[in-house]
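The values are calculated or read from the model by the stated rules, or taken from the named source; none is laboratory data. Given the structure is predicted, the values throughout are model-derived calculations rather than measurements. With ideal geometry, Cβ positions are generated from the backbone for all residues, glycine too; neighbour counts draw on all protein chains shown. To get the accessible areas, we keep the full protein, side chains included, count just its heavy atoms, and leave off ligands, DNA and RNA. Shrake-Rupley method; radii C 1.70, N 1.55, O 1.52, S 1.80 Å.
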There are 2 protein chains.
Amino acid sequence: MTKGYAGQFLRVDLSSGVCENFTIDEAILRKFIGGSSLGAKLYIDSYNLHADPLAPESPLMVMTGPMVGSGFSGTSRFAVCGKSPLTGIWGEAACGGTFSPEMKRAGYDGIVITGASPKPVYLSLADGVAKLADASDLWGKDIYETTDVLKAPDKSIKVLAIGPAGENLVKFAAIGNDKAHFIGRTGLGAVMGSKRLKAIIARGSGRLEKADDARYKELARAAVQEIKDSTLAGSLHAMGSDAAMVTGMFSGDVPIKNWSVGEDFDLSISLGGPTLSEKYLTRAHACSNCSLACKRVVVVKDGPYQTEEGPGPEYETCGSFGTMLMNGDLTAVIKANELCNRYGMDTISCGSAIALSMELYEKGTLSKADVDGLDLAWGNMEAVMPLLKKIACREGFGDTLAEGSLNAARKIGKDAVDSVVHVKGLDLPMHDPRGFHGMGLAYMMSNRGACHLQHAALATEQGMASWPQLFDMKDDYNGQISDEKAVLIYNSENYGILGNSLSICHYLIYVLQPETIRDAFNAITGFNLSFKDLLEAGMRDWTLKRGINNLMGVTSRDDVLPRRVLTPLTDGAAAGSVPDMKRLLSEYYALRGLDERGFPREEKLAELGLPELRSMLYK
Amino acid sequence: MTKGYAGQFLRVDLSSGVCENFTIDEAILRKFIGGSSLGAKLYIDSYNLHADPLAPESPLMVMTGPMVGSGFSGTSRFAVCGKSPLTGIWGEAACGGTFSPEMKRAGYDGIVITGASPKPVYLSLADGVAKLADASDLWGKDIYETTDVLKAPDKSIKVLAIGPAGENLVKFAAIGNDKAHFIGRTGLGAVMGSKRLKAIIARGSGRLEKADDARYKELARAAVQEIKDSTLAGSLHAMGSDAAMVTGMFSGDVPIKNWSVGEDFDLSISLGGPTLSEKYLTRAHACSNCSLACKRVVVVKDGPYQTEEGPGPEYETCGSFGTMLMNGDLTAVIKANELCNRYGMDTISCGSAIALSMELYEKGTLSKADVDGLDLAWGNMEAVMPLLKKIACREGFGDTLAEGSLNAARKIGKDAVDSVVHVKGLDLPMHDPRGFHGMGLAYMMSNRGACHLQHAALATEQGMASWPQLFDMKDDYNGQISDEKAVLIYNSENYGILGNSLSICHYLIYVLQPETIRDAFNAITGFNLSFKDLLEAGMRDWTLKRGINNLMGVTSRDDVLPRRVLTPLTDGAAAGSVPDMKRLLSEYYALRGLDERGFPREEKLAELGLPELRSMLYK
């Protein structure tokens, strides 16, 4: 058995209820490694790319990687992938937490789920045995309630579950792991809902075999020390990702009022990491085996937005339910976060859809009657809380927003579409490309649509990453120029994608020395891959997913930033600055080997060893 | 009468009680402009540089500038200067507030005070009439109490006063303006105390005449808009100077545990601007006529460190009584700030002296008996509060610390001196030169000793200043390299010094366009000075004060950083980095025209029109 892998994959057909194990050749593992890279390979080899995302034949894949379960910091990650119901193209999302190491211990590296069950079920994995069980009693329960029920027999059981939003096919429905970690982006919770799969639980006693345990231990210790020595890791441990709210306001990173305002320090004070820590934090929390511990546990004890003790909002949520809505009440953000977690909704897309609604309400495009009598004035969080329920349950105006910002705007009317800030149907995350031009290119070229995680650009463009030395690149950048950014993004994708396929946290990709990651991967797998091999795997991942998207209809016409972020801001640190889209794309296309249609050139496919894609694109 | 000036200066001899007005030729004003520049000119022309700072013959000068009283944002500034009792060389400090425009309205551009009164007095300025009055009843009162008494007849009276620390000749005694603004550095409050001058009050009805009122108004409006458009100004308005605590922790700017630790995000959360704003701020506050409004009004209502509503701590104080002491309790910082304000003590030097004591206490150099039974463990603020009173009143160990860190360490013993972090006897302000090498050079070369304000380096090296365009300089810098820093510091001094002589706030020097400042200055005075003229005035100021220091004994041997900040940190954003002192000094000496002794070369003195200094240095 290949070291670092549990060795078995699981295929589940929910229509028939058949579960069967299968294996993947080591030659394929060496090329695609794991995570969503391996998912994309399985997808193109065996499934119909043209099926509707919510059709039974579309697969949902839950994938770990070879470092998962090793105990190395930041490796308790997994990816869920398939076709996105929100964007209609390749969809994927990853998170940390507790599920993936347990799934490996239970004997599985990955699961591919097709079909649709006639009644609600959940999938149970335990030491190499997969079983489906009735989940009728769980249907309708929120993610926290579902998790509590499924963990009741044994707290060591790890749970993945959807809530009402996933059941009701909300296009940005999320999947939750143990009430604290969420597969949010691209709406794969709706795919799970369409299959009537309420949850997946895992419990196992397996132990990961490593190729060189002594060397691995040495590297795992080195990683702990590198985390200890890192300023970025220190700030994440102390303030969580919301550290970025205060610093981002100084650099023009934070979107405000649906991307129309450049600066509001009062908001960044009220919503930022220091205030979150001082007023609502009860303790820091970590994914399994991670010494960085960036997660927050918070509680709101007073006022109208009281919550139970639970996961605190990430920076993204403080943006999407804070600055984006002109809401400076952090308790309302924490409450909205709790509600999104319970219903199971991506906070970025959900908050962005509400920001869009508030803008259209202010402009008069939407009347009070159009929005079920709610007062959607900027910052009115009293109206946001019931709206969240309406979205999750597809009631009234909530049914419109449940389709996602772009689809909702198309339904509302043509002018509304201009106010949607998305790439390829995915709402932009909370980093303004006017402040960081490289991020603008990354948004245009990420395969799942506007994304801040399918590459290692974010902290790099902000001067806080260790990996650029690998390429003899600078380690400090002026965010507001487009020079040198195409090559930065190209390299940051090839390197950053490894986080996903190896299954190592995005933050660790910035914090750890590249050699430590490479050597630990090799000590676990024995693959002895060089940086060249690993970066080629990153290129292969990007190109394969791009090809899948091309086959689904994506062309160069889709590689564009929305008009809103090509309009200069008049205030704030990024005032007057917009990315040079044409130049960035032209330089990037050349590096990536894309033709003028935006397709990977045939020779690039040959070079990267993607014959399956080559035959489909150039048959 | 020269426009922009009240036209009269005041000479007060406290020994005889004689007050007499005098005027200064316009030719001198055009060369030295105002503030401490003009003070240095008066000093070298008429006073004994070798007298003890606390001797009656040493003058204390209170100087405004031509923009004061104009209504232009950020110009309610003044400087107090003379010989520093802390360092024994040129001393000066400036602050904003309410006093200087009132002093101008009362008819005075500057005051030079010599002698010593046989009994406590205060000086009263009202519409061209200066009078001394008995202050026996005020002696012993703190600054807040004194101010309340003196303002009781009329709230419009503006007050400068010292507290017990100034009376008791504490070497870092401060002078307070209206309970909210402080002349802190270099201990000039003790000079006031040595003269038994408890306070100066002003009330006037004069109006500043401007050369071109219409043009002035246009520029004053432009300045308000530039402030509105500035990210730096926005953050200062929203969070005060303490905004720098959070961002500084990311860049290695913040000193921790007497400069021995590189990073502590928990401290920066507890002490930073966002927490200050969320938990203790009641409102923002501004110096007279300033639209930036960076000052804080805060109150602590609960716990052991309750305060009345009053001025909140600046970033410097959150450093010196927070991170420097390993104290994360912001209420204790606010309380210590209030006590320093009441007693009248510079919070930087006072906190630094206490940090030194805590280090020596931990090392065993100081026993509990040595420090009057106080437990000076790191972070023990319960011991700090009584220690503040001991320092102000020179009781027990407080009497040792009242001499300042360097003198105290010399008294404690040789090894203790290595733990003092100072240049030329002045404790470093709260910006670590290991994170910003240019600041290291600025500390070495500032004429009052280690200083963050006698130049425009701070925000410039952090990439947030508008003035570098004037020199075709870059606007972003890597703090942790010494390349290009000598020329940056040289230019930033020549330009930044103008803040002092024109009397415009340090922050506005970063925020406003240089053209706006130049043109407003010219619209007020009609001097029609070019940038070349103004920068030459900056060079002249620096060189004159350097020459005064040379005459007082300063040589190149004094241009050194303390060993502590030449020792690399092992953690934090600046880990491993130290300024290249030799290179920085060599490049800077060449630019400044200093010989190997550290004296301005004779030709430089000729070039800058400083014949008085030339004849004294090269007689």
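Which of the residues belonging to segment B:524-566 are touching a Phe, Trp or Tyr at 6+ places or on another chain (Cβ under 9 Å) and hydroxyl-bearing (Ser, Thr, Tyr)? Of everything in segment B:524-566, those that are touching a Phe, Trp or Tyr at 6+ places or on another chain (Cβ under 9 Å) and hydroxyl-bearing (Ser, Thr, Tyr) turn out to be B:Thr525, B:Thr555, B:Ser556. Looking only at segment A:563-603, residues that are charged (D, E, K, R), surrounded by 18 or more Cβ atoms within 10 Å (Cβ to Cβ) and over 21 Å from A:Lys424 (Cβ atoms) come to 1 in all.
Taken as a whole, segment A:357-369 holds no residue that is outside the structural domain of A:Gly187 (by TED's automatic domain parsing), closer than 29 Å to A:Met192 by Cα and surrounded by fewer than 24 Cβ atoms within 10 Å (Cβ to Cβ). Taking segment A:465-476, which residues are within 14 Å of chain B (Cβ to nearest Cβ) and open to solvent by less than 10 Å² (accessible area, probe 1.4 Å)? The answer is A:Pro468, and nothing else. Taking strands (runs of 3 or more DSSP E) as the structural unit, those lying wholly within segment B:9-91 and holding at least 1 residues that are in contact with a Pro (Cβ under 6 Å, 6 or more places away or on another chain) correspond to B:78-83.
Would you say B:Val254 is under 20 Å from the mean Cα position of the chain (by Cα), modelled with pLDDT of 95 or more and within 12 Å of another protein chain (Cβ to nearest Cβ)?
Yes; evaluated as a whole, the condition is true for this residue.
Taking segment B:186-241 as the region of interest, the helices (runs of 4 or more DSSP H) fully inside it that hold 3 or more residues being away from chain A (no Cβ under 14 Å) and either open to solvent by 10 Å² or more (accessible area, probe 1.4 Å) or at positive phi (or both) are B:213-229. A:Lys301 - would you say it is within 13 Å of chain B (Cβ to nearest Cβ) and closer than 22 Å to A:Met385 by Cα? Taking the combined requirement at face value, the residue does not satisfy it. A single entry from B:Gln462, B:Gln454 fulfils the requirement of being within 14 Å of chain A (Cβ to nearest Cβ), crowded, with 21+ Cβ neighbours inside 10 Å, polar (S, T, N, Q) and under 22 Å from the mean Cα position of the chain (by Cα): B:Gln462. Residue pairs whose Cβ atoms lie under 9 Å apart, separated by 6 or more positions or on different chains, with the first residue in segment B:227-256 and more than 12 Å from B:Tyr315 (Cβ to Cβ) and the second assigned to a strand (DSSP E or B) and open to solvent by 10 Å² or more (accessible area, probe 1.4 Å), are B:His237/B:Ala284; B:Ala238/B:Ala284. Here segment A:19-57 is the region considered, the condition is being aromatic (Phe, Trp, Tyr) and crowded, with 19+ Cβ neighbours inside 10 Å, and the residue that is farthest from A:Ser124 (Cα to Cα) is A:Phe32. Filtering segment B:258-271 for residues that are surrounded by fewer than 18 Cβ atoms within 10 Å (Cβ to Cβ), assigned to a strand (DSSP E or B) and charged (D, E, K, R) leaves an empty set.
For B:Thr247, the criteria (1) open to solvent by 10 Å² or more (accessible area, probe 1.4 Å); (2) within 30 Å of B:Pro579 (Cβ to Cβ); (3) of a type outside the set (Lys, Arg); (4) outside any helix (DSSP H, G or I) hold in every case but one, which is (4). Of the strands (runs of 3 or more DSSP E) lying entirely inside segment B:96-173, those containing at least 1 residues that are in contact with a Ser or Thr (Cβ under 6 Å, 6 or more places away or on another chain) and open to solvent by 10 Å² or more (accessible area, probe 1.4 Å) span B:129-134, B:158-161. Of all residues in segment A:270-297, those that are touching a residue at least 24 places away in the same chain (Cβ under 8 Å) and within 14 Å of another protein chain (Cβ to nearest Cβ) total 16. Within segment A:372-389, the set of residues being open to solvent by 40 Å² or more (accessible area, probe 1.4 Å) and closer than 17 Å to A:Glu167 by Cα comprises A:Lys389 only. Can B:Ser577 be described as hydroxyl-bearing (Ser, Thr, Tyr) and in contact (Cβ under 8 Å) with a residue 40 or more places away in the chain? Yes: the conditions hold for B:Ser577. Could you tell me whether segment B:538-549 includes any residue that is of a type outside the set (Lys, Arg), closer than 22 Å to B:Ser73 by Cβ and either buried (at least 20 other Cβ atoms within 10 Å of the Cβ) or without any contact (Cβ under 8 Å) to a residue 24 or more places away in the chain (or both)? So far as segment B:538-549 goes, yes, one or more of its residues are of a type outside the set (Lys, Arg), closer than 22 Å to B:Ser73 by Cβ and either buried (at least 20 other Cβ atoms within 10 Å of the Cβ) or without any contact (Cβ under 8 Å) to a residue 24 or more places away in the chain (or both).
Can you tell me which residue within segment B:458-491, out of those that are among the hydroxyl-bearing types (Ser, Thr, Tyr) and touching a Leu at 6+ places or on another chain (Cβ under 6 Å), is farthest from B:Gly438 (Cα to Cα)? It comes out as B:Tyr490. Taking (1) modelled with pLDDT of 95 or more; (2) within 21 Å of the chain's Cα centre (by Cα); (3) surrounded by fewer than 24 Cβ atoms within 10 Å (Cβ to Cβ) in turn, A:Asn289 satisfies each apart from (1). Scan segment A:297-317 for residues that are over 18 Å from the mean Cα position of the chain (by Cα) and either open to solvent by less than 40 Å² (accessible area, probe 1.4 Å) or among the polar types (S, T, N, Q) (or both) and the total you get is 8. Do you know which residues across segment A:401-416 are modelled with pLDDT of 95 or more and open to solvent by 10 Å² or more (accessible area, probe 1.4 Å)? Within segment A:401-416, A:Glu403, A:Leu406, A:Asn407, A:Arg410, A:Lys411, A:Ile412 meet the criteria. Against the definition (part of a helix (DSSP H, G or I), open to solvent by 10 Å² or more (accessible area, probe 1.4 Å) and either out of contact with any helix residue (DSSP H, G or I) (no Cβ under 8 Å at 6 or more places or on another chain) or of a type in the set (Ser, Thr, Tyr) (or both)), how does A:Glu338 come out, yes or no? Spelling it out, A:Glu338 is indeed part of a helix (DSSP H, G or I), open to solvent by 10 Å² or more (accessible area, probe 1.4 Å) and either out of contact with any helix residue (DSSP H, G or I) (no Cβ under 8 Å at 6 or more places or on another chain) or of a type in the set (Ser, Thr, Tyr) (or both).
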